[in-house]
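Q: I have a structure here, written as structure tokens, and I will follow up with some questions on it.
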Amino acid sequence: MAEISDAIAMIKKAESDAEQLIVDSQAQSKDLIAESKLKAEEIVSEAKIAAEEEAKNSIFVKEDEAKKEAQTIAEKSKGEVKALKDKAMANVDDAASIIVKNIL
């Protein structure tokens, strides 16, 4: 009878140990999930910050490129305006001569 009693006690202890193991495993699982969520949030936050910085840098680069292009266009336009003005001024003398001839 003692053997049966010992066997039953061992079975009950094994069941108790198994239940405690389940409880411990669930607690560890919850801790791991919470830790994983925190790490994921940190990674996402860092990725957002990095993406924002990269976007800002891209904007600055494009702004610089646009400013340089605008400056090049302005300088080219100044040259073209000067050339047209010089050409027009060269024709002023001819036009004045024609007017003077027609009046006299």
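The values are calculated or read from the model by the stated rules, or taken from the named source; none is laboratory data. Bear in mind that the values here come from a model prediction, so they are computed numbers and not experimental data. Here Cβ is always computed from backbone atoms with ideal geometry, including for glycine, and neighbour counts include all displayed protein chains.
Q: Output the number of residues of region 1-17 satisfying the condition of being assigned to a helix (DSSP H, G or I) and loosely packed, with under 10 Cβ neighbours inside 10 Å. Full working, then the answer.
A: The first filter runs over region 1-17 and keeps only residues assigned to a helix (DSSP H, G or I), leaving 2-17.
Subset that is loosely packed, with under 10 Cβ neighbours inside 10 Å: 2-5.
Summing the residues that are assigned to a helix (DSSP H, G or I) and loosely packed, with under 10 Cβ neighbours inside 10 Å in region 1-17 gives 4.
Q: Follow-up. Quick check on this structure: which one of ALA96, ALA70, ALA88, ALA50 is assigned to a helix (DSSP H, G or I), within 20 Å of the chain's Cα centre (by Cα) and of a type outside the set (Ser, Thr, Tyr)?
A: On the way: ALA96 fails: within 20 Å of the chain's Cα centre (by Cα); ALA70 fails: within 20 Å of the chain's Cα centre (by Cα); ALA88 fails: within 20 Å of the chain's Cα centre (by Cα).
So the residue among ALA96, ALA70, ALA88, ALA50 that is assigned to a helix (DSSP H, G or I), within 20 Å of the chain's Cα centre (by Cα) and of a type outside the set (Ser, Thr, Tyr) is ALA50.
Q: Among the candidates LYS76, LYS101, LYS87, single out the residue that is without any contact (Cβ under 8 Å) to a residue 60 or more places away in the chain, among the basic types (Lys, Arg) and surrounded by 10 or more Cβ atoms within 10 Å (Cβ to Cβ).
A: On the way: LYS101 fails: surrounded by 10 or more Cβ atoms within 10 Å (Cβ to Cβ); LYS87 fails: surrounded by 10 or more Cβ atoms within 10 Å (Cβ to Cβ).
Of LYS76, LYS101, LYS87, the one residue that is without any contact (Cβ under 8 Å) to a residue 60 or more places away in the chain, among the basic types (Lys, Arg) and surrounded by 10 or more Cβ atoms within 10 Å (Cβ to Cβ) is LYS76.
Q: Answer yes if at least one residue in region 80-101 is at pLDDT 90 or above and among the charged types (D, E, K, R), and no otherwise.
A: Yes, that holds for at least one residue.
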